[in-house]
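Written out below as structure tokens is the structure these notes cover.
The values are calculated or read from the model by the stated rules, or taken from the named source; none is laboratory data. Note that the structure is predicted; figures quoted are calculated from it, not measured. We place every Cβ from the backbone using ideal geometry, glycine too, and count neighbours over all the protein chains shown.
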Amino acid sequence: MGHSPRVLGELLRKDPQAQVRLEGLTWYDGCGGSASTAPLGLAQGRYRLAPPQEWPAIQLAGWTMLPGLCDAHQHLFHQARRSLRTVLAGIKSRSEVGERLRAASAGGPVIGVEWDESEWDDQRAPTRAELDELFPDRPAILIRICGHVVIANSIAMEALPVKPEREAAESGYFTEEDVLHLSRPYPTDRAALLAATRERAAELARQGLTAVTEMGARDLPELAAALEGDFPLRMGYFHAGPVEELPAEPQNGPIRALGRKFFLDGSLGGCTAALGGQYLAGGAGELIWGKSDLCRALEETFSGGWQAAIHVIGDRAVEQALNCLESVQAPAGSARLEHLEMVRPGHLERIAQLGCGVCFQPNFMDRWGRQGGLYEQRLGADFRSMFVRPGEIRKAGVRLAYGTDGMPPLLWPALRSSVDDSLFSGDADSPRDALAAVAGTAAMMASGKSEYGGIKEGLAADFCLVQNDPVAENFKEKPVVALTVMGGRPTWLNTTVKDG
Ligand SMILES: [Zn+2]
């Protein structure tokens, strides 16, 4: 019947239910299994492990099928909003901040995002005075890459419900709660935001992804509900607002609410992650939730049948999360710890005991954990001894998924980081386990049951076809993605890829 991903893509475009027998390809089950070259069937948008001989066959020698790639910690709406604002990422010299802001700002409020002073020649944060000088007659705010710090000019500060303390008013430097107050007056146009979100999702489909776990955005339940139709990804989401804002009952469609997101602390960049020890510059960060409030909110979440995704970066935040989960006797599989960077002895065992999942960002260590990088600047040269590694999480028997947190939103480099022993002191992941962390395990942690995310009899046919075998090659390079399919339906077909 022919060969190449293109033939398969065109067949499925015409009929997503088509019965077809795929031969000659390499495939992974996405659950940690080794490579297989057995023929694989598709029918009614699902996998058939022993396809009948008489089904029409497509030859796919030289291609590898990876099932259900999922970025398990994404901020799709945030990425979309970012595309409508002035991006300050990738800057090396502090003076460029002003240049970019001036170049991009035609009129109206100035919203700069994703500055990261740890990458600048001069690592002082921007100041209120500098912003006032640039924009004396309109509001300007600069949101740090972590989302936990904002610099505001004098006009923007008027949005604060209480007059800021003298020091903050002088520097314009605000954290946590104040970030929300300062950014609230500048909502993005809803139609533009939804269109940009679809564009971001299409870009992820082009990278081979079929799913994301969305981790919070303003008005998330309402925005997610507006995405129905042919959205190219499955999207489970955690909402950072109150339980009452979630839909009345858990849903079953490709876009569904999973539960509630809790921020227990901030970021290492903002010195707001809650540490047992101290930052080099002093301070120990902030715990955002007290024990009794968190216990009550967790109970409310679990009793409503929802999951809890808990943002923990500093070891003191992890300790707080575990104490509360233990105290409310969280049902196994109902909670997941997001980021999990710094742990104390005994933490991993307690996480395993609770049946709690971990969603880890291998790209963080790659970006900020190198010599002289942000982690060393914040915590000192010995910082690595405080950080947990993928291999240790696995050895403890804890369910592990990977997400990028959108920093940047590229899954392939994150996978490469996850298997890099030089980043994780000999405790990196194996390529097959890393694949599972963005396929079968990510799907299990999102849906709680196997429906997609792996290649098993009867599961939804979510996959991408890539050239060569990136798993065997240790994710050395970003592969060429020829075709992405969700539930039998192509979401990306690369027509520039040559046949056979
Ligand atoms: Zn996040």
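Conditions tested, residue by residue: (1) at positive phi; (2) hydrophobic (A, V, I, L, M, F, W, C); (3) at pLDDT 95 or above.
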residue: Trp63; (1), (2), (3): no, yes, yes
residue: Gly68; (1), (2), (3): yes, no, no
residue: Arg81; (1), (2), (3): no, no, no
residue: Arg85; (1), (2), (3): no, no, no
residue: Ala89; (1), (2), (3): no, yes, no
residue: Ser105; (1), (2), (3): no, no, no
residue: Val113; (1), (2), (3): no, yes, no
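Of everything in the range 389-409, what is out of contact with any strand residue (DSSP E or B) (no Cβ under 9 Å at 6 or more places or on another chain) and either within 30 Å of Asp122 (Cβ to Cβ) or modelled with pLDDT under 95 (or both)? Give them in sequence order. If the condition is that a residue be out of contact with any strand residue (DSSP E or B) (no Cβ under 9 Å at 6 or more places or on another chain) and either within 30 Å of Asp122 (Cβ to Cβ) or modelled with pLDDT under 95 (or both), then Pro408 is the only one that fits.
Condition check ((1) modelled with pLDDT of 95 or more; (2) charged (D, E, K, R); (3) over 27 Å from Gln278 (Cα atoms); (4) assigned by TED's automatic domain parsing to the domain that holds Leu325) across all residues:
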{"residue": "Asp382", "(1), (2), (3), (4)": "no, yes, no, yes"}
{"residue": "Phe387", "(1), (2), (3), (4)": "yes, no, no, yes"}
{"residue": "Leu411", "(1), (2), (3), (4)": "yes, no, yes, yes"}
{"residue": "Ser430", "(1), (2), (3), (4)": "yes, no, yes, yes"}
{"residue": "Leu435", "(1), (2), (3), (4)": "yes, no, yes, yes"}
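Restricting attention to the range 28-80, the residues that are in contact with a Pro (Cβ under 9 Å, 6 or more places away or on another chain) and either among the β-branched types (Val, Ile, Thr) or within 16 Å of the ligand (Cβ to nearest atom) (or both) add up to 7.
Listed here are the residues, each with its yes/no results for (1) out of contact with any Lys or Arg (no Cβ under 6 Å at 6 or more places or on another chain); (2) over 21 Å from Gly208 (Cβ atoms); (3) β-branched (Val, Ile, Thr).
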{"site": "Ala61", "(1), (2), (3)": "yes, no, no"}
{"site": "Thr64", "(1), (2), (3)": "yes, no, yes"}
{"site": "Glu130", "(1), (2), (3)": "yes, yes, no"}
{"site": "Pro136", "(1), (2), (3)": "yes, yes, no"}
{"site": "Pro139", "(1), (2), (3)": "yes, yes, no"}
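Of all residues in the range 73-110, those being surrounded by 15 or more Cβ atoms within 10 Å (Cβ to Cβ), among the polar types (S, T, N, Q) and out of contact with any Lys or Arg (no Cβ under 8 Å at 6 or more places or on another chain) number 2.
Is it fair to say Ser447 is within 30 Å of Met386 (Cα to Cα), at pLDDT below 95 and out of contact with any Phe, Trp or Tyr (no Cβ under 6 Å at 6 or more places or on another chain)?
Here the answer is no, as Ser447 does not meet what is asked.
For beta carbons closer than 6 Å, sequence separation of 6+ or different chains, a first residue in the range 439-458 that is outside the structural domain of Cys31 (by TED's automatic domain parsing) and a second that is in a loop (DSSP other than H, G, I, E, B) and aromatic (Phe, Trp, Tyr), the qualifying pairs are Ala443/Tyr452.
One residue stands out in the range 222-267 among those that are away from the ligand (no atom under 15 Å from the Cβ), among the charged types (D, E, K, R) and modelled with pLDDT of 90 or more: the one that is nearest to Val438 (Cα to Cα), namely Arg234.
Of the residues that make up the range 288-305, is at least one touching a Phe, Trp or Tyr at 6+ places or on another chain (Cβ under 8 Å), β-branched (Val, Ile, Thr) and closer than 20 Å to Gln353 by Cβ? Taking every residue of the range 288-305 in turn, none turns out to be touching a Phe, Trp or Tyr at 6+ places or on another chain (Cβ under 8 Å), β-branched (Val, Ile, Thr) and closer than 20 Å to Gln353 by Cβ.
Within the range 316-338, being surrounded by fewer than 24 Cβ atoms within 10 Å (Cβ to Cβ) and under 21 Å from the mean Cα position of the chain (by Cα) holds for Gly333, Ser334.
Taken over the range 3-24, the criterion of being in a loop (DSSP other than H, G, I, E, B) and more than 16 Å from Gln53 (Cα to Cα) is satisfied by Ser4, Asp15, Pro16, Gln17.
Residue count for the range 14-38, restricted to those that are surrounded by fewer than 18 Cβ atoms within 10 Å (Cβ to Cβ), touching a residue at least 12 places away in the same chain (Cβ under 8 Å) and more than 29 Å from the chain's Cα centre (by Cα): 6.
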